[in-house]
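Student: Sharing a structure below in structure tokens format, with a few things to ask.
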Amino acid sequence: MDFQGIHDRLQAIQAPGLQGADEPREPDPENKKDKGRFGDPFVLVDAKLLPAFLQVCRDDERLNMDLVADFTATDPAKDDENLWINVQLLSIGQKHRLAIKCMIPKANAVMPTSVPVHRSCQWHEREAAEMYGITFEGHPDPRHILLPDDWVGFPMRKDYEFPEEYHGISCK
Amino acid sequence: MTSTAQETHEPTITRSDEEVVLDSGEREFMFDVRTQDMEVNFGPQHPATHGVMRILMRADGEVCTGAQPHLGYLHRCAEKIGENVEWLQYLPYTDRYDYLAAMNNNLGYSMAVEKLMGVEIPRRALMIRTICAELNRIGSHLIAFGTYGLDLGAFTPFLYMFREREWMMALFEKICGARLTYSYIRIGGVFNDAPPGWLSEVERFCDTFEEKWKEYCDLLMVNHIFVKRTADVGVIPVDMALDFGLTGPMLRGSGVDFDLRKDMPYELYDEIWKDKAFEIPVGTGEKGTLGDCWDRVYVRVMEMMESIKIVRWCLAAIEPGPVIADIPKTLRVPPGEAYVGIENPRGELGHYVVSDGGKVGVRVRVRGPSFVNLAVLEAILPGALIADAIAIIGSTDIVVGETDR
Amino acid sequence: MGFLEKQFQENVLTTKVDWLLNWCRLSSIWPMTFGLACCAIEMMAVGCAHHDIDRFGAGAFRASPRQADLMIVAGTVNFKMAERIKRLYDQMPSPKYVIAMGACATGGGPYYKFGYTVVKGVDRVVPVDVYVAGCPPRPEALLEGLMKLQEKIQNSSVIRRPARTA
Ligand code: SF4
């Protein structure tokens, strides 16, 4: 299915948390400032309902998204209020993909975990949690994964300041 | 391996009250063997982890009852760097997370940026890209297979495979000057045209490799000891594989016929597949259960041959022409976001790039197949024998540079 | 001198203790398998048939630090690993040598500027004898590094001279 088909199907089955779709467009010739948007289309989903959404995508036989290919977060800009959660779904049976984006506020970055739906989210969520400071409620194993356990700060945030030293080893 | 006994008292062996009398008249005592859990720390510096990874295993006697991979011993901040350097400057870093298949990484990253830019790649560049990516896949599988034999105690195949790999590296050196970190596939094409005579040398490599490949199969794949140690070990059923998001040989070893080159083709693979030039080997459970270690290794070994076929297809079809599209030196990538997943030797290598129209990316995310494939160890190691743990870990074929990035 | 005269000319060498000990040491350096990252693949290539580090007596890669004389730090060191490197180094018996292989182990390499977890050179953690440049160094470069180390060993002395004070 192409993106339009998937979106229609999502609307038809009233997937929980579906907020809309964003498709690439050419720059507006009238407006000089507008540079357009390129790349992939994606659907916007309410972060609080993401696990339910993933479950619906997995169980619906026409969507059949059985694999979470990628689950990550993005900090779009220093002065942006939101973080994005980006999920890439892949269907082995139907051979299509779907990109999902959720917005969560930086000030209160809390969202439910998707591990009960897809266990592959477990490590991805741990990574997103330590890198961006997102709390995944109900995560079975909320430890650091790549960074040392006593690491301070969230390195992938845009306003992160590089450490001076760590355990007596200078970083400069 | 360092081991730490959890409690201090020794395991005790006591004779139980019952005695079993066997038919033949022999007597055997039933021992009530009481053991205690022991934590075995495997790594981070251990030759069988293929890098620096640590697994904390809990063992009850000989049986592993729990496993917890600890990563991050090679975390090199690749994604943060992606947000700080220019688009073209990031290319060398892509070499370095999966250093066994650097060409494939270059390809994945370039394709993601090209998707945003919408450039058309010259056909000859596509051909050379495919040849390089497939040769690199062979090289990566050679290491995976060779070190796997090494883990299981077979030293000779390792040396044999490095012999072929050395030739392959010489080929790469001729085309781009580096043995390991190529940065050869650029955004918009490839860095330079193949030097004269290179393509015919690749042809010769293919001829030789086909003969040698049979040697490997005889040496290891049907070797009785090897089969005994890998068949029925570390079985991953299909639903578990999907739940953990496995891709690549790990998924195909479980019998799922899914390969991005065939099912969601990119670049030239569509044409090649329609030409029926290659097949996708999947695990069959020939020597044991479907989805065991042997099947995964089998998929890798068969894939090397398929790669040779793809290379041959390209060699037959390649024509002269330009090798790089017209790309400015300072790249400004149009705003937007794109995700491109390609079939790397280990599975789906995804690059998710976000641009705001500037010289520097907003986000360069790498979805490393090793990272995802490794997670399954938590589920398949418990219940296995400690001696089989090495076989299972080796069969996942991880590259630590990619799990940690 | 009667009896002893002209007896040993053909099979006795006279040498210095220093020379002999150094010669023994440098001809059988046992490295520890300590591959960390990309450079480790080149280190493996050095051990394999084509380049064959065994020609220089350094082919017996040991998995345990207690049996090794040489630690080839091949790859990027980060903070999580740095403590382990220190510990492994301490476990090696003296005399022990360290080769920093590649740009990362030498000084952070490509990760110098933005690598927040990368140790900028393994010499901040353990003392280094020979630095091998390259990213990754060619196997020949590592062999040269090994020969440089052998030169260094050749010029050392078993007698500890008191430190000169001004
Ligand atoms: S010096 Fe280069 S090749 Fe070696 S570990 Fe560092 S990045 Fe990898």
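Student: Computed on alpha carbon atoms, what radius of gyration and Dmax characterise segment B:171-285, expressed in Å?
Tutor: 18.5, 49
Student: Quick one: P(r) of segment B:150-204 from all Cα-Cα pairs, 5 Å bins, percents rounded to integers, in order of increasing distance.
Tutor: Going from the shortest bin to the longest, the percentages are 5, 16, 21, 20, 14, 10, 8, 5, 2.
Student: Just the Kirkwood number for segment B:228-275, please: inverse of mean 1/r across all distinct Cα pairs, in Å, one decimal. Don't skip to the end; give the middle numbers.
Tutor: On the way: mean 1/r = 0.0816 Å⁻¹.
The answer is 12.3 Å.
Student: Could you give the distance between the Cα centres of segment C:21-63 and segment B:327-405, to the whole Å?
Tutor: Comparing the Cα centres of segment C:21-63 and segment B:327-405, I get a distance of 31 Å.
Student: Suppose R0 equals 30 Å; then what is the FRET efficiency for residue B:257 and residue A:2 from their Cβ-Cβ distance, rounded to the nearest 0.05? Could the numbers behind the result be given before it?
Tutor: Values: r = 23 Å, r/R0 = 0.75.
Using R0 = 30 Å, I get an efficiency of 0.85.
Student: Next up: Using r as the Cβ-Cβ distance of residue A:44 and residue B:36, and R0 as 45 Å, what FRET efficiency do you calculate, to the nearest 0.05? If you can, show how the numbers build up before the last one.
Tutor: Numbers: r = 53 Å, r/R0 = 1.17.
The value I calculate is 0.30.
Student: Here's a follow-up. Can you give the longest stretch of chain B with no exposed loop site, where a site means GluC sites (Glu not before Pro) in a DSSP loop (not H, G, I, E or B) with at most 16 other C-beta atoms within 10 Å? Provide the component values of the computation, followed by the final result.
Tutor: Values: sites that count: B:7, B:26, B:62, B:120, B:279, B:286.
Free of exposed loop sites, the longest segment is B:121-278.
Student: Measuring from label point to label point, each 7 Å out along Cα→Cβ, what is the residue B:86 to residue A:80 span in nm?
Tutor: 2.4
Student: Report, in degrees rounded to the nearest 10, the 0 to 90 angle that the Cα long axis of helix A:121-132 makes with the longest principal axis of chain A.
Tutor: 50
Student: Can you tell me the FRET efficiency between residue C:152 and residue A:167 if r is taken as the Cβ-Cβ distance and R0 is 25 Å, rounded to the nearest 0.05?
Tutor: Details: r = 30 Å, r/R0 = 1.21.
According to the calculation, E is roughly 0.25.
Student: Which length gain, in nm to one decimal place, applies between residue B:315 and residue B:359 when the Cα-Cα distance is subtracted from 0.36 nm times their residue separation?
Tutor: Numbers: separation 44, 0.36 × 44 = 15.84 nm, distance 3.63 nm.
That pair, residue B:315 and residue B:359, stretches by 12.2 nm at full extension.
Student: Related question: Chain pair B, A: how much accessible area is buried, both chains summed, with a 1.4 Å probe, in Å² to 100?
Tutor: On the way: alone 17430 and 10300 Å², together 23840 Å².
Approximately 3900 Å² gets buried when B meets A.
Student: Here is a further query. In Å and whole numbers, how far do the C-alpha atoms of segment C:81-128 stretch along each principal axis, longest first?
Tutor: Sorted largest first, the three principal extents are 36, 18, 12 Å.
Student: While we're looking at this one, here's another question. Based on DSSP H runs of at least 4 residues, each adding -39500 (n - 2.57), what is the mean residue ellipticity at 222 nm of chain B after dividing by all its residues, to the nearest 500 deg cm²/dmol? Working shown, then result.
Tutor: Numbers: 16 runs with 176 residues, N = 405.
So the helix-based figure for chain B works out to -13000 deg cm²/dmol.
Student: Express the relative contact order of chain B as a whole percentage, based on alpha carbon pairs under 8 Å and six or more residues apart in sequence.
Tutor: Working: 787 pairs, mean separation 94.9, N = 405.
Across chain B, relative contact order equals 23 percent.
Student: To continue, here is another question. What angle do you read, to the nearest 10 degrees and between 0 and 90, between the alpha-carbon axis of helix A:3-12 and the longest principal axis of chain A?
Tutor: Roughly 80 degrees between the two axes.
Student: Could I ask something else about it? In the calculated pair distance distribution of chain C, what percentage of Cα-Cα distances lie above 25 Å?
Tutor: Tail of the P(r) past 25 Å holds 38 percent of the pairs.
Student: With a 10 Å radius around each residue's Cβ, average the other Cβ atoms per peptide and rank A:166-172, B:293-299, highest first.
Tutor: Sorting A:166-172, B:293-299 by mean packing, highest first, produces B:293-299, A:166-172.
Student: Student exercise: in segment B:258-405, how many lysine pairs 8 or more apart or on different chains have Cα atoms under 24 Å apart?
Tutor: Close lysine pairs found across segment B:258-405: 6.
Student: Projected area of segment A:3-170, taken from the Cα convex hull and averaged over every viewing direction, in nm²?
Tutor: Numbers: hull surface 48.4 nm².
Over every viewing direction, the Cα hull of segment A:3-170 projects on average to 12.1 nm².
Student: Could you tell me how many degrees, from 0 to 90 and to the nearest 10, lie between the Cα long axis of helix B:293-317 and the main elongation axis, the longest principal axis, of the Cα atoms of chain B?
Tutor: The two axes meet at around 20 degrees.
Student: Okay, next question. Would you mind counting up the charge near residue A:28? Only other residues with Cβ under 14 Å from its Cβ, with Lys and Arg at +1 and Asp and Glu at -1.
Tutor: Working: positive: A:25, A:32, A:33, A:35, A:37; negative: A:26, A:30, A:34.
Overall, the nearby charge balance is +2.
Student: Would you tell me the mean number of C-beta atoms belonging to other protein chains that fall within 10 Å of each C-beta in A:76-83, as a whole number? If you can, show how the numbers build up before the last one.
Tutor: Numbers: counts 5, 2, 0, 0, 0, 0, 0, 0.
Per residue, the average neighbour count from other chains is 1.
Student: What's the total accessible area buried between chains B and C, using a 1.4 Å probe, rounded to the nearest 100 Å²? Write out the running numbers ahead of the final one.
Tutor: Working: alone 17430 and 10700 Å², together 25170 Å².
Using a 1.4 Å probe on protein heavy atoms, the buried area is about 3000 Å².
Student: Still on this model: Filter the cross-link list B:174/C:148; A:78/A:106; A:106/C:113; C:80/C:148 down to pairs whose alpha-carbon distance in this structure exceeds 19 Å.
Tutor: Details: B:174/C:148 29 Å; A:78/A:106 11 Å; A:106/C:113 26 Å; C:80/C:148 30 Å.
As for pairs spanning more than 19 Å Cα to Cα, those are B:174/C:148; A:106/C:113; C:80/C:148.
Student: Now, a different point. Given the options B:347, B:357, B:189, state which has the largest fluctuation in a GNM of chain B using a 10 Å cut-off (strictly under) for Cα springs.
Tutor: The residue with the greatest mean-square fluctuation here is B:357.
Student: If packing is taken as the average count of other Cβ atoms within 10 Å, what order do B:91-102, A:134-145 fall into, highest mean first? Let's see the in-between values first.
Tutor: Details: B:91-102: 25.4, A:134-145: 15.6.
Output ranking for B:91-102, A:134-145: B:91-102, A:134-145.
Student: Let me ask another. What is the average number of partner chain Cβ atoms found within 10 Å of a Cβ in C:31-42? If you can, show how the numbers build up before the last one.
Tutor: Values: counts 0, 2, 3, 3, 7, 8, 12, 13, 3, 6, 11, 4.
That works out to 6 on average.
Student: Moving on to the next point. Segment A:1-51: which trypsin sites (Lys or Arg not before Pro) are DSSP loop and have at most 10 other beta-carbon atoms within 10 angstrom? Write out the running numbers ahead of the final one.
Tutor: Working: sites: A:9, A:25, A:32, A:33, A:35, A:37, A:48; in loops: A:32, A:33, A:35.
Answer by residue number: A:32, A:33.
Student: How many nm is it between the label spots at residue A:9 and residue B:325, if each spot is 7 Å from the Cα in line with the beta carbon?
Tutor: Taking the simple label geometry, residue A:9 and residue B:325 are separated by 3.0 nm.
Student: Gain in length, residue B:225 to residue B:387, computed as 0.36 nm per residue apart minus the alpha-carbon separation, to one decimal in nm?
Tutor: On the way: separation 162, 0.36 × 162 = 58.32 nm, distance 1.38 nm.
So the chain would gain 56.9 nm between residue B:225 and residue B:387.
Student: On to the next question. Would you tally the net charge around residue B:330, using a Cβ to Cβ cut-off of less than 10 Å, leaving residue B:330 out, and scoring K and R as +1, D and E as -1?
Tutor: +2
Student: For peptide B:332-344, what's the mean number of Cβ atoms from other chains within 10 Å of each residue's Cβ? Intermediate values should be presented prior to the final figure.
Tutor: Values: counts 1, 2, 7, 8, 9, 14, 5, 10, 2, 5, 0, 0, 0.
Neighbouring Cβ atoms belonging to other protein chains average 5 per residue here.
Student: Taking K and R as +1 and D and E as -1, what net charge do the other residues with C-beta under 14 Å from the C-beta of residue B:281 add up to?
Tutor: Numbers: positive: B:137, B:252, B:261, B:262, B:296, B:300, B:309; negative: B:257, B:259, B:279, B:286, B:295, B:303, B:306, B:343.
Residues close to residue B:281 contribute a combined charge of -1.
Student: For segment A:91-156 and segment B:66-145, what is the centre-to-centre distance using only Cα atoms, to the nearest Å?
Tutor: With segment A:91-156 and segment B:66-145 each reduced to a Cα centre, they are spaced 23 Å.
Student: Taking Cα pairs under 8 Å and at least six residues apart, what relative contact order does segment A:3-170 come out at, in percent? Spell out each step's value before the answer.
Tutor: On the way: 290 pairs, mean separation 27.7, N = 168.
About 16 percent, as a whole number.
Student: Along each principal axis of its Cα atoms, how long is segment B:304-389 end to end? Whole angstroms, biggest number first, please.
Tutor: 57, 41, 16
Student: Moving on to the next point. Per q in 0.06 1/Å, what log10 I(q)/I(0) does a Debye calculation on the alpha-carbon atoms of the protein assembly as shown return?
Tutor: Results for the protein assembly as shown at q = 0.06 Å⁻¹ read -0.39.
Student: Report, to two decimal places, the Cα Rg of segment B:46-114 normalised by 2.2 N^0.38 Å (N = number of residues). Mind showing how you got there, number by number?
Tutor: Values: Rg = 17.1 Å, N = 69, 2.2 N^0.38 = 11.0 Å.
For segment B:46-114, the normalised Cα radius of gyration is 1.56.
Student: Take the Cα pairs of chain B, get the Kirkwood Rh, then feed it into Stokes-Einstein at 37 °C and 0.692 mPa s and tell me D in µm²/s.
Tutor: Working: Rh = 22.7 Å.
Translational diffusion coefficient: 145 µm²/s.
The values are calculated or read from the model by the stated rules, or taken from the named source; none is laboratory data. Here the structure is a predicted model, which is why all the values come from computation and not from measurement. So basically every Cβ, Gly included, is an ideal-geometry build from the backbone, and we count neighbours across all protein chains shown. To get the accessible areas, we keep the full protein, side chains included, count just its heavy atoms, and leave off ligands, DNA and RNA. Shrake-Rupley method; radii C 1.70, N 1.55, O 1.52, S 1.80 Å.
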